[in-house]
2 protein chains.
Amino acid sequence: MSIASTDTEPAVSSAKSREPLVDVDVHEGIRSLHELRPYLAEEWHMYFNRDSVARIPPKHAYAHPHGGIRLDLVHEDNSSDDQFPDRVREQLLEGVGVTHAVLLGTFPNSLSGMPQGKYAAGLATAYNDWLIENWLNLDTRYKGSIAVASQQPQLAAQEIDRVAGHPSMVQVNLPMTSPYVPWGHEMFHPIWEAAVRNDLRIGFHVCPPTGIQGPPVAIGWADTYMELRSVYSHHFQAGVISLVCNGVFEKFPQLRVVLLEGGFAWVPGVMWKLDASWRALRREVPWLTRRPSEYIRDHVRFGTQPFEEPDNPKHVLDLIEMMGSDKMLMFATDYPHWDYDDPARAIPSHLPADLKRKIFWENARDFYGFSDLPENTSSDS
Amino acid sequence: MSIASTDTEPAVSSAKSREPLVDVDVHEGIRSLHELRPYLAEEWHMYFNRDSVARIPPKHAYAHPHGGIRLDLVHEDNSSDDQFPDRVREQLLEGVGVTHAVLLGTFPNSLSGMPQGKYAAGLATAYNDWLIENWLNLDTRYKGSIAVASQQPQLAAQEIDRVAGHPSMVQVNLPMTSPYVPWGHEMFHPIWEAAVRNDLRIGFHVCPPTGIQGPPVAIGWADTYMELRSVYSHHFQAGVISLVCNGVFEKFPQLRVVLLEGGFAWVPGVMWKLDASWRALRREVPWLTRRPSEYIRDHVRFGTQPFEEPDNPKHVLDLIEMMGSDKMLMFATDYPHWDYDDPARAIPSHLPADLKRKIFWENARDFYGFSDLPENTSSDS
């Protein structure tokens, strides 16, 4: 059931009659990494053998109690419907009514964990060409995220420049778990420069750390997958804190980032802590000209999935009030993953219609600049 | 100005007329580690030479923009008033009106970062005997925390058993940053066993990770002290998540812990995330018989310092409502550190009198079992 049927007129068969629905977190699948071979530069074929392909990208070390894919999308032969653009079109675009599906591959996310960074950059290039030919060129509702090897920021910037011209590319795809150091370090400036000069956003996605990214928890390894899932937000917090404190948004005022699968219940507390710390410690960060929370409100957005689940649903509204902005949340399904959020159920129905509209498409329209979506009506700010 | 003068009758010179005021986070100082030599077992004197003492405990690697001690307490010769029990009595017990000062040393916290764990255990023993003779035996208002080397849990348990009989020892002093693995791992069970059998609490204190504890942020190193301060809560979250998910509170139902200097704005979000994850993933943690948030409400308390500072003060009350309990916060000054909280200023004056009384002493009375403090009046739950 699409959100259209709960918010406007009853859903009818034509997708054109529906409200817009932007899904900022959809994962395209690939049947086999061997599909990338035709797109891979000759110099990297030495690594692209049967044995080594099985080891890229680095795999995180946690087993999942259910498996990571929605059980209804996994077939007996272990294939999944996310591998076929026409199936995703049928299920998500037509079935759910998603009008703009921002694709982020899970494969590209893990490239940043590879110790062999230049090879990772070669794989990113191959992946982008594969993505364009096998997904973006088939349906303009698919929006693309550029794969890069962020451990090689100069090569990443070159790759961004190379494919940013494709009309469906909207952002750069990065794992929230940075290689070597938090995202605020100057080594990553070439990536932000390239994103800004190509008018692209940054999509930071949850990524269990692998390879060169170290353990998933500060000081050690969580035992269960449940714990791992519960500490993902640390990577998001650490990334935002590092970007803000090191002045990245001061140096790149046009940079806009979205955080995917990191939740948002932690945002007010981090804003308060950063603002309080800044009042006491600003001599340490003289390059900051505004309160840290202001950088966050202006530059950072959050995918809604997995949506926060307080016992008392009214706390969702309290939380958004604490964040100090209703423009920061953007709807996401996380299709086809196991904890997929259905738009008709995941977003609490008691939220005001204005806010739901912002979450379902207006905030994403403004963030990505989707010019095919209608402007606000006069009742909006 | 003491809280007594704001909440009850004007303060008078006799401390006896004041309301109780429990401070759950006071740091005793030591003039020189060489003071420990008379208390140190002979076998460890080989390490206790001028060169090596300067390297214990492991020092964290961050410089502080102001220095960590209140500037008014640092003298020209670099000594500080925290080193003298009579000065602390004058300033904090008499001056501020603290009736119960729970001492946690910063030295013992760092012992858990030492790679040479058995030597760390020897130092913990020496420190406890020094603490008893130089602080606890001088004034019963000083309450002690037992130093242990948590990387050697069996030795830690022996040490707890050795000194738990002192009437002023109320808890075991641990750094929130565990050695090797998060706190839920079974290697730490001997510590919880010893605490429970001696009716002691656990005081987890913030501790910038040092030595064997790894980097302060999941994946990498924060650059500024401001960032470090803003990610401390990750260690607290990771510790609580690990204790809950691995069933420590199920196995040790009498275990009670207090988290010091980790904030509490993150608590509702972590409760929601854990409860949602548990609903979806409970087959992975079949030993949990209740919702994760219930373990937290029953077993975990939070020191108030540094108090959360939302733009809108009413959000403090919202936050406590989201936590689902008014029994979880306990007042702390963090004397003598730079971001010391004064009881007359740090706790928002608009909080209801009942809640303030809980924060200033009733919750700590119930947590530590301070039998010299009055029971609740009939108006309380």
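We did not get these values from a lab; they are worked out from the coordinates using the rules stated. Because the structure is predicted, anything quoted here is derived from the model rather than measured. Glycine gets a Cβ as well: all are built from the backbone with ideal geometry, and neighbour counts include every protein chain shown.
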Cα centroid separation - the stretch B:22-101 against the stretch A:56-100, whole Å: 57
What fraction of the DSSP beta bridges in the protein assembly as shown is antiparallel, stated in percent and rounded to the nearest 5? 10
GNM top mover of B:Arg162, B:Arg197, B:Arg50 - chain B, alpha-carbon springs below 10 Å: B:Arg50
Hey, for B:His45 with labels 7 Å out along Cα-Cβ, what do the inter-copy distances come to in nm, ordered shortest first? 7.4
If you project the alpha carbons of the stretch A:123-179 onto the principal axes, what extent comes out on each, in Å, largest first? 33, 21, 17
Could you point to the residue in A:Leu103, A:Gly203, A:Pro153 farthest towards the positive end of chain A's charge dipole, with +1 and -1 charges on the Cβ of Lys/Arg and Asp/Glu respectively? A:Pro153
Rounded, prolate or oblate: which fits the stretch B:316-381, taking a ≥ b ≥ c as square roots of the Cα gyration tensor eigenvalues, rounded meaning a/c under 1.5, else prolate when a/b beats b/c? oblate
Kirkwood Rh over alpha-carbon pairs of the stretch A:53-135 plugged into Stokes-Einstein at 10 °C, 1.306 mPa s gives a D in µm²/s of 107
By the C-alpha gyration tensor axes a ≥ b ≥ c (rounded if a/c is under 1.5, else prolate when a/b exceeds b/c, else oblate), the shape of chain B is rounded
P(r) over all Cα-Cα pairs of the stretch B:117-273, 5 Å bins from 0 to the longest distance, whole percent per bin, short to long, reads 2, 9, 17, 21, 20, 15, 10, 5, 1, 0
On the formula 1/(1 + (r/R0)^6), with r taken between the Cβ atoms of B:Asp366 and B:Trp221 and R0 of 45 Å, the FRET efficiency rounded to 0.05 is 0.70
For the protein assembly as shown, would you read off the P(r) tail past 41 Å as a percentage of all alpha carbon pairs? 34
What is the dipole size for chain A, taken about its Cα centre, with +1 at each Lys and Arg Cβ and -1 at each Asp and Glu Cβ, in debye to the nearest 20? 1080
Per residue of chain A, what 222 nm ellipticity follows from adding -39500 (n - 2.57) for every DSSP H run with n ≥ 4, rounded to the nearest 500? -9000 deg cm²/dmol
Among B:Thr125, B:Thr99, B:Thr224, which one shows the highest mean-square fluctuation when chain B is modelled as a Gaussian network with alpha-carbon springs under 10 Å? B:Thr224
When chain B is treated as a GNM, springs tying every alpha-carbon pair under 10 Å, which of B:Pro348, B:Pro182, B:Pro65 comes out with the largest mean-square fluctuation? B:Pro65
Classify the stretch A:282-347 as rounded, prolate or oblate, taking a ≥ b ≥ c as the square roots of the eigenvalues of its Cα gyration tensor: rounded when a/c is under 1.5, otherwise prolate if a/b is larger than b/c and oblate if not. prolate
With each label point set 7 Å from Cα along the Cα-Cβ vector, what nm distance links A:Asp77 and B:Ala61? 5.1
To the nearest Å, what is the center-to-center distance of the stretch B:192-209 and the stretch B:271-326, using C-alpha atoms only? 20
Using the 7 Å Cα-to-Cβ label point, sort the distances from B:Lys59 to its equivalents in the other copies shortest first and give them in nm to one decimal. 4.5
Shortest first, in nm, what separates the label point of A:Asp199 from those of the same position in the other copies (7 Å along Cα→Cβ)? 7.2
With +1 on the Cβ of every Lys and Arg and -1 on the Cβ of every Asp and Glu, the dipole magnitude of the protein assembly as shown about its Cα centre, in debye rounded to the nearest 20, is 680
